[in-house]
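These notes are about the structure you will find just below.
The values are calculated or read from the model by the stated rules, or taken from the named source; none is laboratory data. All values reported here derive from a predicted model rather than from experimental measurement. Every residue, glycine as well, gets a Cβ built from its backbone with ideal geometry; the counts of neighbours run over all protein chains shown. Calculation scope for accessible area: heavy atoms of the full protein, side chains included, ligands and nucleic acids excluded. Shrake-Rupley method; radii C 1.70, N 1.55, O 1.52, S 1.80 Å.
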Amino acid sequence: MMEANMAGNEKKPTISDIARKSGVSIATVSRVLRGSDYPVKSEVRERVTEIARQMEYKPNIFSQMLRGSSSREIGIIAPSITNPFYAQLISAAEQECLKRGYIPFICSSMGEPQLEMNHLDMLEDRCVAGILLSSMGQGEGIVKRLNELRIPIMLFDQTLDSYEGDGILFDFYQGAYLSTEYLIQCGHRDIVFCSGPINRYSRRAMYEGYKQALKDYNLGISKKKLIGAISEPDTYGEGEYQLGKALGQMLLERDYLPDAIVTINDITAIGVINHLYSEGVQVPHDISIMGFDDISICEMVTPPLSTIHQPAFDTGKLAAKYLLDKIEGQITEPVHITTKPVLVERKSVRKIHRKVRR
């Protein structure tokens with residue numbers, strides 16, 4: 001009978017419905033479903049729980065948060081919500097928060113350190129339970145600000161020089177080293193590094209990894225091999241594509257094209273490829289290019305982009321999990337995890353070391 005009634009009524013069951021069916025007050029149902037320590041007879045607790053299950057009742061965690069004495073909000077600050085890599089990172093963190101009854105409050109810093117600081121101030125004013133941060137900050141100012149906060153913080157993806165707090169991070173140095181080494185092993189010798197301003201931890205680490213690979217294979221290192229834009233477009237997500245197009249133009253303004261390019265991310269690499277194509281330069285026939293991140297679109301572009309896989313989903317999920325574990329007191333020890341890069345071979349790199357059959 002109850003199933004028939006439920007099927008004919010699209011309205012979601014409420015606490016009032018459960019109270020009426022259980023023969024107890026709304027307050028009692030609320031205490032049982034919230035897991036309150038308020039004394040309720042065991043048989044009443046079991047009856048309410050079973051009826052809630054039968055009615056497929058799902059609590060409104062947003063309402064619970066507003067009624068609760070402590071915040072259930074988790075601030076998530078990332079450089080972009082339009083770049084597919086950060087979208088995947090944020091989505092994984094969001095899923096983990098919701099699964100455990102927390103409300104994600106998502107903020108985009110658009111790659112601007114000052115906006116990032118403003119978001120931190122706002123989240124502190126909201127008294128959020130914790131913060132997940134992929135930081136674009138520079139210098140000691142941001143480190144000092146994080147150390148002042150009395151809120152649990154977990155860095156993810158990006159870290160900061162001299163910051164010793166918790167983080168689920170990525171080995172950018174090794175990723176760029178693998179990217180450069182792969183190009184060398186494919187027979188390329190004149191390899192340039194294409195980037196926006198090298199003013200954040202990830203880009204500095206990547207540039208050092210790139211240079212170390214050249215050094216280890218006895219290839220020359222010079223500032224001429226750094227193709228870098230002085231500034232970046234205002235909109236961070238679309239700006240990365242525009243950055244790639246600008247870097248592509250810089251390549252064309254050189255006396256000659258290099259053999260290959262190491263880029264800072266996939267969106268930038270795609271911008272480079274498309275600009276070069278518009279000027280009659282073919283990838284990989286005329287020049288090889290490596291991306292970085294391994295976003296889904298890498299397999300959809302022409303040519304499919306060879307890149308370095310960075311585990312965005314796993315990073316977001318782990319970061320949220322460990323932050324919530326800290327908030328709930330399940331762990332107290334420091335969290336320092338660094339995920340490792342994986343080379344992904346596709347079609348944007350030409351293997352020129354193979355001998356041609358006569």
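One line per residue, one yes/no per condition, for (1) buried (at least 20 other Cβ atoms within 10 Å of the Cβ); (2) under 30 Å from residue 129 (Cα atoms); (3) touching a Lys or Arg at 6+ places or on another chain (Cβ under 7 Å); (4) among the aromatic types (Phe, Trp, Tyr):
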residue	(1), (2), (3), (4)
162	no, yes, no, no
206	yes, no, no, no
217	no, no, no, yes
226	no, no, no, no
239	yes, no, no, no
243	yes, no, no, no
248	yes, no, no, no
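Could you list all residues from region 206-222 that are more than 17 Å from residue 261 (Cβ to Cβ) and in a helix (DSSP H, G or I)? Within region 206-222, 208, 212, 215, 216 qualify. Scanning region 251-291 for residues that are part of a helix (DSSP H, G or I), touching a residue at least 24 places away in the same chain (Cβ under 8 Å) and of a type outside the set (S, T, N, Q) yields 251, 252, 266, 267, 269, 270, 271, 272, 273, 275, 276. In region 211-225, the residues that are aromatic (Phe, Trp, Tyr) reach residues that are open to solvent by less than 50 Å² (accessible area, probe 1.4 Å) and modelled with pLDDT of 95 or more with C-beta atoms within less than 9 angstrom, at least six apart or across chains, in these pairs: 217/180; 217/181; 217/184.
Examine region 148-160 for a residue that is within 27 Å of residue 292 (Cβ to Cβ), charged (D, E, K, R), open to solvent by less than 40 Å² (accessible area, probe 1.4 Å) and not in a loop (DSSP other than H, G, I, E, B), and state whether such a residue exists.
Yes, region 148-160 has at least one match.
The set of residues from region 296-320 being surrounded by 24 or more Cβ atoms within 10 Å (Cβ to Cβ), assigned to a loop (DSSP other than H, G, I, E, B) and within 16 Å of the chain's Cα centre (by Cα) comprises just one member, 310. Of all residues being touching a strand residue (DSSP E or B) at 6+ places or on another chain (Cβ under 7 Å) and aliphatic (A, V, I, L, M) in region 190-213, which is modelled with the lowest pLDDT? Just the residue, please. Filtering first and then ranking leaves 198.
Before we move on, is residue 171 surrounded by fewer than 24 Cβ atoms within 10 Å (Cβ to Cβ), modelled with pLDDT of 95 or more and of a type in the set (D, E, K, R)? Here the answer is yes, as residue 171 does meet what is asked. Remark: residue 335 falls outside the filter, which requires a residue to be under 23 Å from the mean Cα position of the chain (by Cα) and farther than 30 Å from residue 93 by Cα.
Quick grid of which residues meet (1) touching a strand residue (DSSP E or B) at 6+ places or on another chain (Cβ under 8 Å); (2) under 20 Å from residue 323 (Cα atoms); (3) open to solvent by 50 Å² or more (accessible area, probe 1.4 Å); (4) among the polar types (S, T, N, Q):
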position: 103; (1), (2), (3), (4): yes, yes, no, no
position: 108; (1), (2), (3), (4): yes, yes, no, yes
position: 114; (1), (2), (3), (4): no, no, yes, yes
position: 123; (1), (2), (3), (4): yes, yes, no, no
